[in-house]
């Protein structure tokens, strides 16, 4: 497919693409050196000295991260197409529906699957939430519902398949992580508040530290292929740089936390046998 079919030449979109490229250049090293302060890394990204960062519960932080993008995608896919009298009539697209499903799934997992015990920096959660909302906005805005030639149709179908595989694989490994908390102590003041970490096992955890990240990237690649525009592919590259760095930090954390029997030092970060 010609490159021109991926690119919307509006100056605002091109400016956003430039920002994406500049961000990609530093996102991997930035995350390696200073992980975003949420989940297990909630304290490692905090600035030293000065005023302590404002903290919220991990569940609240995750909702701050995912809900705005869900709302944006919902508006584009289900609200704006019903509004009369607009100069621009957005049309629901396969990629836009995938984006909505991606973030709505994460909302449901936060509410009903994951078990949280820590805190998240509210500023970091807000920054990620705005970033994801912008990603949802751009993909829903730019994805083309037309372009039904055979090449693009095949790409869209493959994208849908990858999205389903990625979403199911991501959910399954999130489920395995949730099981680690299912038998945590619930009685006794001295143990109930103590975080108990167990080495993840099952599925692709046998081979890598973060199989849920790997499948999330598969889902985002599917969205990019269905969207068929440059902005979405740049988002996939950005997500790959970010999650590969976070996978590295997670694996290093696991190696320090668990012994060789529970977590072999040879275990990879993200891609089985490769990285």
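The values are calculated or read from the model by the stated rules, or taken from the named source; none is laboratory data. Computed from a prediction, not measured in an experiment: that's the story for all the values here. Glycine also receives a Cβ, built like all others from the backbone with ideal geometry; neighbour counts cover every protein chain displayed.
Considering only residues in segment 112-133 that are over 21 Å from residue 53 (Cβ atoms) and touching a residue at least 12 places away in the same chain (Cβ under 8 Å), the one that is farthest from the chain's Cα centre (by Cα) turns out to be 115.
Can you tell me which residues in segment 200-215 are over 28 Å from residue 139 (Cβ atoms) and assigned to a helix (DSSP H, G or I)? If the condition is that a residue be over 28 Å from residue 139 (Cβ atoms) and assigned to a helix (DSSP H, G or I), then 203, 205, 206 are the ones that fit.
Checking 237, 271, 218 one by one, the residue that is in a loop (DSSP other than H, G, I, E, B), at pLDDT 95 or above and surrounded by fewer than 22 Cβ atoms within 10 Å (Cβ to Cβ) is 271 and no other. Counting only residues that are out of contact with any strand residue (DSSP E or B) (no Cβ under 9 Å at 6 or more places or on another chain) and within 30 Å of residue 111 (Cα to Cα), which one in segment 44-58 is modelled with the highest pLDDT? Looking at the filtered set, the residue picked out is 52.
Here is a yes/no grid of residues against (1) in contact with a strand residue (DSSP E or B) (Cβ under 9 Å, 6 or more places away or on another chain); (2) surrounded by 13 or more Cβ atoms within 10 Å (Cβ to Cβ); (3) farther than 21 Å from residue 133 by Cα; (4) at pLDDT 80 or above:
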position: 18; (1), (2), (3), (4): no, no, no, yes
position: 25; (1), (2), (3), (4): no, no, yes, yes
position: 29; (1), (2), (3), (4): no, no, yes, yes
position: 35; (1), (2), (3), (4): no, yes, no, yes
position: 62; (1), (2), (3), (4): yes, yes, no, yes
position: 71; (1), (2), (3), (4): no, yes, no, yes
position: 78; (1), (2), (3), (4): no, yes, no, yes
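Are there helices (runs of 4 or more DSSP H) fully within segment 88-199 with at least 2 residues that are touching a strand residue (DSSP E or B) at 6+ places or on another chain (Cβ under 8 Å) and either buried (at least 18 other Cβ atoms within 10 Å of the Cβ) or modelled with pLDDT under 95 (or both)? List them. Correct list: 122-142.
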